[in-house]
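Please read the structure below before turning to the comments.
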Amino acid sequence: MGVLFAILMVGMVTSAQSSPSDRGPRQTEAAPADSVKESAPADLLALPKGKSTVIGGTIAAVDPIADRLTLKVFGGKQMKILFDERTLVYRDGAKSSLRDLHTNDHASVETMLDGDTVFARSIHMLSHSPEGECHGQILSYDPGSGVMTVSESLSPESIRLVVPAGTPIVRQGQNASTSGPAASSDLRKGTLITASFASDTKGQGIAHRIAILASPGDELTFTGSVTFLDLRANQFAVADAQNNQSYKIVFDPASIPAARDLHEGTNVKVTAEFDGSRYVAHAITMQ
């Protein structure tokens, strides 16, 4: 499964009305170094369905000519993020301008993937360090130091969070029905999590709530339509109707004869085990 990771700002994410994959017309003259283009074309298309993600950090550099900023991510390294006329800008919740982007500003940047690049739907500059929420897969956890390293999909760099003693750890989604309270011992390598955190004065992310989405060995159920099928590789993707997320699932055709009847567009119910790196189908039912 493609591991999803995101940092979701509390109470300040604003939906935009345009798509990063369909760039609008560009101005023909380059903007001055202290100016950034702001006028939005009237024919921009709506954003595609799906989750946006928010990256929190400090603006390290702004390039108004290349329409790009560099964000020093809390707990990680630097990330290049593109923007254009459709990007909305706010300062402490009030509408602002792309010209107001400055280095050393704390910011939460609402992003979407545009091919292999990261595009800013909105930029929220804050007078204080923002709180955030990250979605990812645990690479390691040291119960002695409380340091947890998490992978993420928008940057090749991993994120380090400190998990203080007593941090609430809960189960979420299909895991919510799992018996027994979650604990720090459940923060195993390969576990998918959501972690709410705040940044300390040194820029280190401090977790104050962790939700476990899936642990290695968990059995999950997906219901939706097949959006991708590769019979040679024995894998397919299901767009789950409950959360609009797509999941890649592998199967053994010898043990699941029903897989022979799969084709794109088929509605299915799939029971699969998460093994820490992928979902392995145990049963497939056509609907």
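Tally Lys/Arg at +1 and Asp/Glu at -1 over every other residue whose Cβ is under 13 Å from the Cβ of ALA272; what's the total?
After counting each charged neighbour, the total is -3.
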Taking a ≥ b ≥ c as the square roots of the Cα gyration tensor eigenvalues, with a/c under 1.5 meaning rounded and otherwise prolate when a/b beats b/c or oblate if not, segment 224-278 comes out oblate
Toy charge model, Lys and Arg Cβ at +1, Asp and Glu Cβ at -1: segment 219-286 dipole around Cα centroid in debye, rounded to 20, equals 100 debye
Stretched fully, the stretch from ASN104 through GLU273 gains (0.36 nm per residue minus C-alpha distance, one decimal, in nm) 56.4 nm
So THR285 and SER225, fully extended at 0.36 nm per residue minus their Cα-Cα distance, gain in nm 20.4 nm
Highest mean packing first, using Cβ neighbours within 10 angstrom, the peptides 116-122, 232-238 sort as 116-122, 232-238
Mean Cβ-within-10 Å packing, highest first, puts peptides 185-195, 214-224 in the order 185-195, 214-224
Taking Cα pairs closer than 8 Å and at least 6 residues apart, the relative contact order of segment 225-267 in percent is 42 percent
Packing-ranked peptide list from 60-67, 83-90, highest mean Cβ count within 10 angstrom first, is 83-90, 60-67
Among LYS80/LYS189; LYS80/LYS269; LYS95/LYS189, the pairs whose Cα-Cα distance exceeds 31 Å are LYS80/LYS269; LYS95/LYS189
Spelling it out for HIS282: with amide H atoms placed in the peptide plane at 1.01 Å from N, the residues 5 or more places away or on another chain with amide H under 5 Å from its amide H are THR271, ALA272, GLU273
HN-Hα couplings for segment 208-214 via Karplus (6.51, -1.76, 1.60; θ = phi - 60°), in whole Hz with x for Gly/Pro, come out as 10, 6, 10, 10, 8, 8, 7
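Only the coordinates and a few stated rules stand behind these numbers; no lab work does. Just so it is clear, the structure is predicted and the values come from calculations on it, not from any experiment. Cβ sites come from the backbone with ideal geometry, for glycine too, and all protein chains shown count toward neighbours.
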